[in-house]
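First comes the structure, then the notes that go with it.
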Amino acid sequence: MQGMGRLDSIDDLRVFDAIVRAGSLSRAAQELDVSLTLVSKRLKRLEAQLGVRLLQRTTRQLGLTEEGQEFLGRCRLALDAIQAAEEVCGDGHSGIVRVTATAAFAQRQIPPRLQRFLALYPNISVQILTSDDVLDLVERRIDLAMRQAPLADSRLIARPLVPDARVLCASPAYLAEAGTPRDPFDLTKHACLTVGDPPPTQWRLWRGEESVEVSIRSVAGGNDGEICHVGALADLGIAMKAAWDVVDDVRAGGLVRILPEWWGGTDRWVRIVYPARLHQPRRVRAFIAFMEDEMMQALVTSADLGLFEASALAKLQPRVGTALRCPRLGLGEAGPG
């Protein structure tokens, strides 16, 4: 890059990276908890020192120039190297862990466990970005994702976190009034809660290698699975939900699993996904290890509910064994291999 001068501040690099991630100066200022004026001043100073324009700014959008695109890659390499150097000098268990997941998974699985994590690591904070879209972890500088979508990026590593097979469930009050289905084809006589627009007219169920397709009548639903979840709790009908999403309700008696030999999809997983890095920050390794342990504990303690397939649990057997032997894994240096 021509005309590059001496950079005076690493913070200018951090501000530039935050602007690109956030997509605007104002959102970057909010993320960094500083004034918009300071963000603008830092960017102008960085561009002046480099002698190039890094961002093309209009009233409606913000985009990288060719020089900005080239500098961004080098900037992020430098920030990663600085972070690794800082961790060598300290214990590394500080800073922000940026996590993305669907709203349902994030709300159900992460906040209830954060108190334990923050007690272990009081200098780490966790920022949760909910999205049903597959976000670019590298571009958005996100440390890890918990997602159901298949891995399609060679820059990422994926590890199975929890089985994602669907189960059929309804409230005790609904079943008392409408009766309990005894085989899949009984579902044709029941009110069903569905996800999709337009709503599906059939459900496919599996029992081992056997599968059946059943016509259903959707009485309520939408494009958000939480509608079906709340509807089932409100006695509206039968829902097909991820086992991890309803395990607490089944344990508490608010929902009952029906047709327990049948599954709505098999060999599905929520995976923990993170960028392949030579130096994975310790705070990220600690959070990954913590969530893996927490989800294993949840699987072990809910085994009697029959919500998770034995074949899926067998794939996690080494971790299940560890969870059974150790009530709480040591996390000091634990992390993904």
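Any read-out appearing in this document is the output of simple, stated calculations on the displayed coordinates, not a laboratory observation. Remember, predicted model here, so these are calculated numbers, not experimental data. Positions of Cβ are generated from backbone atoms using ideal geometry, with glycine treated the same way; all protein chains shown enter the neighbour counts.
Brief remarks on what is shown
- Length gained on full extension, R207 to R155: 15.1 nm, using 0.36 nm per residue less the C-alpha separation.
- Choice from L38, L13, L259 with maximal GNM fluctuation in the chain (Cα, 10 Å cutoff): L38
- Taking L79, L120, L36 as the candidate residues, the one with maximal mean-square fluctuation in a Gaussian network model of the chain, Cα springs under 10 Å, is L36.
- At most 16 other Cβ within 10 Å, DSSP loop - trypsin sites (Lys or Arg not before Pro), the stretch 174-242: R182
- Computed over the chain, relative contact order equals 18 percent, with contacts defined as Cα pairs under 8 Å that lie 6+ residues apart.
- Inter-probe distance in nm under a simple model that places probes 7 Å from Cα toward Cβ, at D80 and R53: 3.0 nm
- Remark: the Cα gyration tensor places the stretch 166-258 in the rounded category, a/c being less than 1.5.
- Loop-resident sites, the stretch 186-291, for GluC sites (Glu not before Pro), counting at most 12 other Cβ within 10 Å (DSSP): E209, E261
- In a DSSP loop and with at most 13 other Cβ atoms within 10 Å, the GluC sites (Glu not before Pro) in the stretch 60-165 are E139.
- Between D248 and T65, the simple label model (points 7 Å from Cα in the Cβ direction) yields a spacing of 5.0 nm.
- Overall shape: prolate for the chain, with the ratio a/c of the largest to smallest alpha carbon gyration tensor axis at 1.5 or above and a/b above b/c.
- By the helix-only formula, in which each DSSP H run with n ≥ 4 contributes -39500 (n - 2.57) and the sum is divided by residues, the chain has a 222 nm mean residue ellipticity of -12500 deg cm²/dmol.
- Selected from R60, R147, R166 as most flexible by GNM, with the chain as the system and alpha-carbon contacts under 10 Å: R60
- Using the Cβ-Cβ distance between E177 and Q107 with R0 set to 35 Å, the FRET efficiency works out to roughly 0.75.
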